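See below for the structure under consideration.
The values are calculated or read from the model by the stated rules, or taken from the named source; none is laboratory data. Remember, it's a predicted structure, so these values are computed and weren't measured experimentally. When we count neighbours, we look across all protein chains shown, and the Cβ atoms used for this are built from the backbone with ideal geometry, even at glycine. Just the protein is used for accessible areas: all its heavy atoms, side chains included, with ligands, DNA and RNA removed. Shrake-Rupley method; radii C 1.70, N 1.55, O 1.52, S 1.80 Å.
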Amino acid sequence: LRAFFLINLTIFLCHNSVLVVGSVGASCEGDDAVCVDDDSSMLFDVFTKWIDDRSLEGQKFLEQLLLEPSSGDKRGSDNGESKYFFDEIKDAFASGTQTEEENVETKIWKGVSALKDVMGGSIEQFISDLKADMETGTGDDTSNAAFEFATCFQTFFSAKNSKEENEESRKMAAEFIQKASDLSQYLQGDKSTRGFLELYDITMKALGEVTKTVKRNFGRIHWHRLKPFSIIYFLEYMESLFTPSWKRRAHAFAPEVSVEEVIELHKALYLANLAYLNSIEEIKAGLQEESSEWELIYAQLKTAPWEPAHYIALRKDQPLLQGTVRHNSLDVLLVVRGTKDFANVLSDGLLDAVEFRGGYGHAGLVQSGQFLVDHHIDLLHSLLKMVKKEKIKLTIIGHSLGAGAATIAAIIFNEDEKAIDANVVGFGCPALLSKELSESASPYVTTIISDSDMIPRLSGPTLVNAVFDIMSYDWIERGLSDLRDGLHFLRSNLLFDISSEQVDSVYDYIKNFLETYIRVEIEEMAKAPRKDVVLIPPGRCTHFYRDGNGVTGQQSSCEFFDSLEMSRTMIDDHMIGIGYNRMLLDYMRHRLQNYQFTFEQTIV
């Protein structure tokens, strides 16, 4: 276990301490300076390599170049998420005018001029270094890339200025989205470039807190009394209780969700699934492939304890002009990823209930939600100021840990009621809030729970209580019945004879052992006090469950999920693909009686 932990910790720290930059960007071919996709150009990689050997002034220039295409403000750097601007440039080249044929030196200094106009800063030294490399014959791929990039800027702004006036609205939206992207990169800071030691300190601090939490909750449990047989028989017992018929009766008076609601829920699930992708390019492609509704402006895929991965997008078709009551808000999407790596496990593991907004909340997720607010509150206010709208209409979507962090963030965001109106759709949200606080969030938080999904039912007390229930379950009679059947099976299938007396002797020996020792432990554990459950899922809960004929979706009290439902599907039901996606799809097919039905969005 120690080796497993150290290996995973080392991989996690190494992965997250490396500054990753994109490998695909805009490159220019020939004297026409037309930018095209070139997967082999490695433009950002060579820029970073070149900068590593240059001065700090070069580093500052690179940061400005990547993050500030339209003003002279200095920006922080998170290079990996900035290349949407280069894609915008590439698109402009494809539709814009080309520069006349010019010699290399003229192109260089025209590009420098364009860069200076855009960035408002002096970059002569940087370009001079490049030019000196070329003149002395030491120019490399990086130097060539820098020359080409300067030329690309000149072409871009020439093309931009030649747009027709009737495209003004589209241009305004595109420019605003780009400015929002640049602004988000700046305001999010420079956390992605943490060094190994800093990340190590953060992780070890989190690990220490989680260790204390585990000891507080589970330190007094006599784990040697937890027998594998008791788990198997207890699982069978629980499944005999929580049958489809029982679930139908428990939801007998609950309203059923509509087909239209499920279609919208599946769209949200698709967006939640995109957050688990491994690169920003995949997230961007996912948004473009299935829907033109949202435009990505920011994504953070690296994580640390209590800092979940997430992405932000703007609705593309929303009016950005001021002056209409109907369109007085700006639609913003925030999607938070669930548990995927070691840092997320540490966030999950801090499961004590801590004071939060007059109630109690899951300690690790309270910190994760606060991180999202601290990270982006300035961005949201800046966006609001840029478009001169009255309010941000913020939709937050998440799965698992992401749903919990999203709910905490929405509670805090909504305290700024004059500027932000946040709503949450969460899938498989962990037990997060105390009862009163959960109910108070119901107007703007919807939690979707897939049948036996264990995570919404999982907190420190429910897990401890489940362990005590397993230990105190009397499985001896069932075990002895299986033992006798097994012995008779062996007797009839072995190559040598075993007498019935020998079988009875073995059976009596094991029975005596179970009655003498195991039953005593079971009776002692039955007297162990159970813990009071504090946390339940948040807001307005909707339960999709197998009803014996198909799948039904009904609203349910969130208190319904205050204990673990042990089932063989309790882990599968938590997954997006084989859990939530399957539940929603089966619900639609059963409800419509169309077993060929598929959603518009495909979740892989």
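Accessible area per residue for the range 373-497 is 38 Å², calculated with a 1.4 Å probe on protein heavy atoms, without ligands, DNA or RNA.
Only protein atoms count toward the accessible area here, which uses a 1.4 Å probe; on the range 428-536, the carbon and sulfur part of that area reaches 57 percent.
Of interest is the spacing of the C-alpha centroids, which for the range 462-519 and the range 300-314 amounts to 51 Å. Between THR602 and LEU241, the FRET efficiency from the beta-carbon distance, with R0 = 56 Å, is close to 0.95.
Rounded to the nearest 0.05, the FRET efficiency derived from the C-beta distance between GLN370 and SER492 at R0 = 45 Å is 0.10. Please work out the C-alpha center-to-center distance from the range 210-286 to the range 373-437 and express it in whole Å. Cα centroid of the range 210-286 versus Cα centroid of the range 373-437: 23 Å apart.
Counting pairs of alpha carbon atoms under 8 Å apart in space and at least six apart in sequence, what relative contact order in percent does the range 431-544 give? Intermediate results must be reported in sequence, preceding the final value.
On the way: 117 pairs, mean separation 75.0, N = 114.
It comes to 66 percent, rounded to a whole number.
Our estimate of slack between MET204 and LYS388, defined as 0.36 nm per intervening residue step minus the Cα-Cα distance, is 61.8 nm. The ASP532 and ARG484 beta-carbon pair, evaluated with R₀ = 41 Å, returns a calculated FRET efficiency of approximately 0.50. Annotation: peptides 396-406, 255-265, 449-459, 355-365, ranked by per-residue average of other Cβ atoms within 10 Å with the highest first, follow the order 396-406, 449-459, 355-365, 255-265. Is the shape of the range 516-561 rounded, prolate or oblate, going by the alpha carbon gyration tensor and its root eigenvalues a ≥ b ≥ c, with a/c under 1.5 for rounded and a/b larger than b/c for prolate? Cα axes put the range 516-561 in the oblate bin. Here each label is just a point 7 Å from Cα along the line to Cβ, and for THR211 and GLN555 those points are 4.7 nm apart.
Holding the Cα-Cα limit at 26 Å, pick out from LYS340/LYS385; LYS340/LYS531; LYS212/LYS531; LYS247/LYS511 the pairs that are longer than that. Beyond 26 Å: LYS340/LYS385; LYS340/LYS531; LYS247/LYS511. Remark: the range 491-496, residue by residue, has Karplus-estimated 3J(HN,Hα) of 4, 7, 10, 6, 7, 10 Hz, where x stands for each Gly or Pro and the curve is 6.51 cos²θ - 1.76 cosθ + 1.60 at θ = phi - 60°.
In a DSSP loop and with at most 12 other Cβ atoms within 10 Å, the chymotrypsin sites (Phe, Trp or Tyr not before Pro) in the range 457-512 are PHE496. Maximal additional length on extending the SER499-HIS590 stretch stands at 27.2 nm, based on 0.36 nm per residue less the C-alpha distance. 3J(HN,Hα) couplings calculated from phi for the range 581-588 with the Karplus curve 6.51 cos²θ - 1.76 cosθ + 1.60 (θ = phi - 60°) are, in sequence order, 4, 5, 4, 5, 5, 5, 4, 5 Hz; Gly and Pro show x.
Residues in the range 368-373 carry Karplus couplings, in order, of 5, x, 4, 4, 4, 5 Hz; the curve used is 6.51 cos²θ - 1.76 cosθ + 1.60 with θ = phi - 60°, and Gly or Pro positions show x. As a rough guide to protection, the peptides 212-223, 343-354 ranked by mean Cβ packing within 10 Å, highest first, stand as 343-354, 212-223. Label reach from GLU293 (point 7 Å along Cα→C-beta): in the range 367-408, amide nitrogens under 14 Å belong to 394-398.
What ranking, highest mean first, results for peptides 421-430, 566-575, 510-519 when packing means the other Cβ atoms within 10 Å averaged over each residue?
421-430, 566-575, 510-519
Applying 0.36 nm per residue to the separation of GLU355 and ILE578 and subtracting their alpha-carbon distance, the gain on full extension is 76.8 nm.
A cut-off of 5 Å between modelled amide H atoms, ignoring neighbours fewer than 5 places along the same chain, links LEU330 with LYS391, ILE392, LYS393. Here's the picture: charge each Lys and Arg Cβ at +1 and each Asp and Glu Cβ at -1 in the range 449-604, and of PRO456, GLY539, HIS574 the one pushed furthest to the positive end of that dipole is GLY539.
Rounded, prolate or oblate, given the Cα gyration tensor of the range 210-292, with a/c below 1.5 counting as rounded? Verdict is oblate for the range 210-292. Rounded, prolate or oblate for the range 439-564? Axes are the square roots of the Cα gyration tensor eigenvalues, ordered a ≥ b ≥ c, and the cut-off for rounded is a/c under 1.5. Oblate, since a/c reaches 1.5 and b/c is not below a/b.
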